Amino acid sequence: MARSRASLVFVGIKNHVVAFDRKNGQEVWRTLLPAKHRSGASFVNVVRDADGLFATCAGEVFALDPRNGN
């Protein structure tokens, strides 16, 4: 089922970006960021703008597809 851009909430936690359905809170997808230097407590910043979804982790920047996390 296709979702609108506004229907997902994105959270960064422990080397992952996770997308949740805004209405029911269910996890839609989860992506492990391929950072070169990972730790069990790696902080992830997530930014969503009109052009895409971006995450930073362990000093690296990643661009993700907000529809599926690729």
At a 1.4 Å probe, what is the % contribution of carbon and sulfur to the accessible area of the range 17-70?
52 percent
Dimensions of the chain along principal axes (Cα, Å, largest first)?
35, 24, 15
Ignoring ligands, DNA and RNA, what accessible area per residue does the range 29-70 give at 1.4 Å, in Å²?
64 Å²
Expressed as a whole-number percentage, the relative contact order of the chain with C-alpha contacts under 8 angstrom and at least six residues apart is 26 percent
Farthest positive-ward along the chain dipole, Cα basis, beta-carbon charges - from SER7, LEU53, ASN24
ASN24
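The values are calculated or read from the model by the stated rules, or taken from the named source; none is laboratory data. Every value quoted in this text rests on a predicted model; they were computed, and no experiment measured them. When we count neighbours, we look across all protein chains shown, and the Cβ atoms used for this are built from the backbone with ideal geometry, even at glycine. Note: areas computed on protein heavy atoms with side chains; ligands, DNA, RNA excluded. Shrake-Rupley method; radii C 1.70, N 1.55, O 1.52, S 1.80 Å.
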